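The values are calculated or read from the model by the stated rules, or taken from the named source; none is laboratory data. For clarity, every value in this text was computed on a predicted model and none was experimentally measured. Here Cβ is always computed from backbone atoms with ideal geometry, including for glycine, and neighbour counts include all displayed protein chains. The accessibility values were calculated without ligands, DNA or RNA, using every heavy atom of the protein model including side chains. Shrake-Rupley method; radii C 1.70, N 1.55, O 1.52, S 1.80 Å.
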Amino acid sequence: MKKGLLIFTFASISLIGLCQKPNTLIKPGEVWPDNEGNHINAHGGGIINYKGTWYWFGESRLPRTEKDRTNYGVGCYSSKDLINWKNEGLALRVINDTASLLQPGCVIERPKVLFNKKTGKFVMWFHHELKGQGYKAAMTGVAVSDYVTGPYKYIRSLRPNAGIWPVNFTEEQKNASVKDGDLKSWTEEWKQAVRDGLFVRRDFAGGQMARDMNLFVDRDGKAWHIHSAEENMTLHFSELTDDYLDFTGKYYRVLPGDSNEAPALFFARGKYFMFTSGTTGWRPNPCRLATADKLAGEWKAVGNPCRGTEEENKVTFGSQSTFVLQPAGKKNIFIFMADRWTPQNLADSRHIWLPIEWENGLPMIKWHNELDIKMLK
Ligand code: GAL
């Protein structure tokens, strides 16, 4: 390269660097530029803190039509202040091998990462749908890495808890004879049969369905895989092994028959709280809040936590829950993270971050046009 050209190239690179002003405000619903000026492409995601740096993992989406919901993998961004994010590239990539379940064309959604103190490894779980099968497979996938930003090595995908009954399943429910197909869907009888475990019995041998998911580490250090099961009618809380790479076989049904998706949990003020959505695909619906004294339940639905206009409350400010973030060292500050999906161009879906506020001992969410960096520091 000629000297002049070299100087010109360096000069333009530093100019780009200078032009990229640091963000000082989070503006829910607006384009959120990363260090390269591109909208953060990490949807349905989750955030961890490792050695003082934040890492945001999420669906890396192609700017395509709704028909093609596939993606290249899981995007990763790092930040010191939760506002300015550096693109760390893909932490997990699809595998160019038609023998792999993770081949291009599969769907990877709602990825979450945990650091395992015992093994020193980072473990990623994600909702995994297989190429050409729509949302039929309903599996969860697991990948592992020695480094937080990856590359994560894909281990396998599965339907959890094959051949095992939920802890909170009665003998009567195990032995009930009503089968899938016996009753007309959405009749009262059918709904009761679903609550009584119709789909748990159907999926007993092959493993329970796992669609919208999250991970949650309880106060005793046990990690749980929280997922929509039973045709999205019931959430399952499935315990992970100590290395976080597998299921122990201990699992609970939560809010049976209530059709909850997009679970986002946190523990505050001595109680567990969970935001969920209803099941209307990419279209937003009213947020739901549930609370429990113990992670395993009983969980109690306590209504819509949104405090906006009637229209805003009906659609969770145009978004669907994905994660609850607790800024480090901030005992009582929690951020509700959600996605405002753009199905025609999923990469452009917007990030909705709103502070969790409190009312009569329960969390509630109000709209804020912006969140100040000082709040998070
Ligand atoms: C939503 C779900 C998203 C995605 C979408 C597909 O209900 O929360 O993660 O799976 O459906 O229609």
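Say whether the condition of being crowded, with 20+ Cβ neighbours inside 10 Å, in a strand (DSSP E or B) and within 16 Å of the ligand (Cβ to nearest atom) is met by at least one residue in the stretch 81-98.
No: the stretch 81-98 contains no residue that is crowded, with 20+ Cβ neighbours inside 10 Å, in a strand (DSSP E or B) and within 16 Å of the ligand (Cβ to nearest atom).
Within the stretch 243-256, does at least one residue satisfy the condition of being open to solvent by 20 Å² or more (accessible area, probe 1.4 Å), of a type in the set (S, T, Y) and within 24 Å of S145 (Cβ to Cβ)?
yes
Working only within the stretch 337-363, note down all residues that are free of Cβ contacts under 8 Å to residues at least 60 places away in the same chain and either of a type in the set (D, E, K, R) or touching a Lys or Arg at 6+ places or on another chain (Cβ under 7 Å) (or both).
E357, E359
So how many residues does the stretch 60-80 have that are of a type in the set (A, V, I, L, M, F, W, C), within 16 Å of the ligand (Cβ to nearest atom) and modelled with pLDDT of 95 or more? First the steps, then the outcome.
So in the stretch 60-80, the residues of a type in the set (A, V, I, L, M, F, W, C) come out as 62, 74, 76.
Filter again for within 16 Å of the ligand (Cβ to nearest atom), leaving 62, 74.
If we keep only those that are modelled with pLDDT of 95 or more as well, we get 74.
Count: 1.
If you go through the stretch 206-219 one residue at a time, how many are within 16 Å of the ligand (Cβ to nearest atom) and surrounded by fewer than 18 Cβ atoms within 10 Å (Cβ to Cβ)? Give the steps one after another, and end with the answer.
Narrowing the stretch 206-219 to residues within 16 Å of the ligand (Cβ to nearest atom): 209-215.
Now restrict to residues that are surrounded by fewer than 18 Cβ atoms within 10 Å (Cβ to Cβ): none.
Of the residues in the stretch 206-219, 0 are within 16 Å of the ligand (Cβ to nearest atom) and surrounded by fewer than 18 Cβ atoms within 10 Å (Cβ to Cβ).
Name the one entry in W282, W341 that is open to solvent by 20 Å² or more (accessible area, probe 1.4 Å), within 16 Å of the ligand (Cβ to nearest atom) and in contact with a His (Cβ under 9 Å, 6 or more places away or on another chain). Walk me through how you get there before you give the answer.
On the way: W282 fails: in contact with a His (Cβ under 9 Å, 6 or more places away or on another chain).
Only one candidate passes the filter, namely W341.
Which ones in the stretch 285-295 are more than 16 Å from the ligand (Cβ to nearest atom), under 13 Å from M364 (Cα atoms), touching a residue at least 60 places away in the same chain (Cβ under 8 Å) and not polar (S, T, N, Q)?
Step one: of the stretch 285-295, the residues more than 16 Å from the ligand (Cβ to nearest atom) are 289-295.
From what is left, the residues that are under 13 Å from M364 (Cα atoms) are 289-291.
Restricting the remaining residues to those that are touching a residue at least 60 places away in the same chain (Cβ under 8 Å) gives 289, 291.
Scanning the stretch 285-295 gives a single hit, L289.
Looking only at the stretch 259-266, decide whether some residue is under 15 Å from the mean Cα position of the chain (by Cα), without any contact (Cβ under 8 Å) to a residue 40 or more places away in the chain and within 16 Å of the ligand (Cβ to nearest atom). Before you say what the answer is, go through the steps one by one.
Step one: of the stretch 259-266, the residues under 15 Å from the mean Cα position of the chain (by Cα) are 260-266.
Then drop every residue that is not without any contact (Cβ under 8 Å) to a residue 40 or more places away in the chain, which leaves 260.
Filter again for within 16 Å of the ligand (Cβ to nearest atom), leaving 260.
Taking every residue of the stretch 259-266 in turn, at least one turns out to be under 15 Å from the mean Cα position of the chain (by Cα), without any contact (Cβ under 8 Å) to a residue 40 or more places away in the chain and within 16 Å of the ligand (Cβ to nearest atom).
Select from the stretch 116-154 the residues that are outside any loop (DSSP other than H, G, I, E, B) and open to solvent by 70 Å² or more (accessible area, probe 1.4 Å) and list them in ascending order. Explain how you work it out, then say what you get.
Of all residues in the stretch 116-154, those outside any loop (DSSP other than H, G, I, E, B) come to 116, 121-129, 139-145, 153-154.
Listed by number, the residues that qualify are K121, K153.
Within the stretch 220-243, take every residue that is in contact with a Gly (Cβ under 9 Å, 6 or more places away or on another chain) and in a loop (DSSP other than H, G, I, E, B) and give me the one that is nearest to the ligand (Cβ to nearest atom). Give the derivation first.
Within the stretch 220-243, the subset in contact with a Gly (Cβ under 9 Å, 6 or more places away or on another chain) is 230, 233-234, 237-239, 242.
This time we only want the ones that are in a loop (DSSP other than H, G, I, E, B), so: 230, 233, 242.
On the way: E230: 15, M233: 13, D242: 28 Å.
So the residue we want is M233.
Could you pull out every one of the helices (runs of 4 or more DSSP H) wholly within the stretch 169-219 that has 2 or more residues that are more than 28 Å from the chain's Cα centre (by Cα)? Lay out the reasoning, then the answer.
Details: elements: 171-175, 188-195, 198-202.
Hits in the stretch 169-219: 171-175, 188-195.
Considering (1) under 20 Å from A229 (Cβ atoms); (2) more than 16 Å from the ligand (Cβ to nearest atom); (3) part of a strand (DSSP E or B); (4) open to solvent by less than 70 Å² (accessible area, probe 1.4 Å), say which one S157 fails and leave the rest.
(2)
Among the candidates N332, N369, N360, which residue alone is away from the ligand (no atom under 16 Å from the Cβ), at positive phi, over 20 Å from the mean Cα position of the chain (by Cα) and open to solvent by 40 Å² or more (accessible area, probe 1.4 Å)?
On the way: N332 fails: at positive phi; N369 fails: at positive phi.
Only one candidate qualifies: N360.
Please specify each residue of the stretch 26-59 satisfying the condition of being assigned to a strand (DSSP E or B) and either modelled with pLDDT under 95 or more than 15 Å from D348 (Cα to Cα) (or both). Spell out how you get there, then give the answer.
At the first step, the residues of the stretch 26-59 found to be assigned to a strand (DSSP E or B) are 26, 33, 39, 43-50, 53-59.
Result: I26, G46, I47, I48, N49, Y50, T53, W54, Y55, W56, F57.
Which is farther than 19 Å from K222 by Cα and in contact with an Asp or Glu (Cβ under 9 Å, 6 or more places away or on another chain), of Q133, Q103? Can you show your working first?
On the way: Q133 fails: in contact with an Asp or Glu (Cβ under 9 Å, 6 or more places away or on another chain).
None of the other options fit; the residue is Q103.
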